[in-house]
Amino acid sequence: MAGEAEEQLRAYVEYLRDLGVYDLYRRGEPVAAAVEEPAQQTTTSSAVLEHPAEHRQPEPAPPAAISAPSVPQPLESPIPKPISFNDRAPLPAVRLAAADKPAALTAIQEEIGDCTRCPLAYAGRHKIVFADGDPNARLMFVGEGPGADEDAQGLPFVGKAGQLLNNMIVAMGVKREQVYIANIVKCRPPANRAPEYVEATTCSQFLLKQIDVVQPEVIVALGATAATYLLGVKQSLAGLRGRWHSCRGAKLAVTYHPAFLLRDPRQKAEAWKDLQMVMKEMGLKAPVKN
Ligand code: URA
């Protein structure tokens, strides 16, 4: 664990140095542009931004006379509210023909390449998990990020949570091959932690392009991370479920992440209500049980 944490820390420091970001967490005068949120979130990145002394800006000269003991300033969080996928880019002017979608998705995958754009590239990733399913799907599921099984196989939702997602899809009257499945981040976050803001926003530019190619009628956001980044909101799942949102021209529903449902199966009935809302919208019928 210690080795993993160190590796992650190192990756952040290097990433931020590459960006020329050295000073977001300087105590005292906050760096104005970096701060939008109150300092609520204590994240790994906040620890990481305590960078080595040689990279710090010179401290301002101390005042000649100190009249009162200085009060330690709280660390300011640089994590802004995510920008919704709708606000990140204009919608594509033209709808791709079904026959052109596979090549368009391959082009996105090639653009990603052997990606090193964010720290997850250095945090033990084995495979980049692009997506799975029909490039022309009417229905798309978006999860958080690959776990160990997905990282090993290079496919989304193939572990235990994936088995439950498969069951959910079948219960909706469709086959897994008929939907499109992707994640907010394409590389496994260490120890399956939630992706950091910088990871999610760096990576999800590609998810946005994938959505614009597939142009599903309905997107289901699986869990809070997917909902947060797709919709650009920081709200509880309870406040987001049970109603329609919009994302890149598609209707978007929010439901529980299958991994959460594995931990708390009592919530499956609630998730089923969300899926029934989707089925009604899409004219899907649950398969008849024999
Ligand atoms: N959890 C996710 O969010 N995505 C996967 O691909 C697997 C598990």
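The values are calculated or read from the model by the stated rules, or taken from the named source; none is laboratory data. Just so it is clear, the structure is predicted and the values come from calculations on it, not from any experiment. Glycine also receives a Cβ, built like all others from the backbone with ideal geometry; neighbour counts cover every protein chain displayed. The accessibility values were calculated without ligands, DNA or RNA, using every heavy atom of the protein model including side chains. Shrake-Rupley method; radii C 1.70, N 1.55, O 1.52, S 1.80 Å.
Here are the numbers for this structure:
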| read-out | value |
| --- | --- |
| Cut-off 11 Å between beta-carbons: net charge of the residues surrounding residue 127, Lys and Arg +1, Asp and Glu -1 | -1 |
| Peptides ranked, highest mean first, by Cβ atoms within 10 Å: ranges 122-135, 194-207 | 194-207, 122-135 |
| In Hz, Karplus ³J(HN,Hα) per residue of the range 208-217 (6.51, -1.76, 1.60; θ = phi - 60°; x = Gly, Pro) | 4, 5, 4, 4, 5, 7, 5, 6, x, 6 |
| Fully extended contour minus Cα-Cα distance, from residue 268 to residue 167, at 0.36 nm per residue | 35.2 nm |
| Cross-link pairs beyond the 30 Å C-alpha cut-off, checked among 81/175; 209/280; 127/273; 81/209; 81/285 | 81/175; 127/273; 81/285 |
| For peptides 220-229, 83-92, sequence by mean Cβ density within 10 Å, most packed first | 220-229, 83-92 |
| Per residue value of the accessible surface for the range 65-216 (all protein chains in place, 1.4 Å probe), Å² | 46 Å² |
| Accessible-area composition of the range 237-279, carbon plus sulfur, in percent [1.4 Å probe] | 55 percent |
| For the range 99-174: rounded, prolate or oblate by the Cα gyration tensor [a/c cutoff 1.5] | oblate |
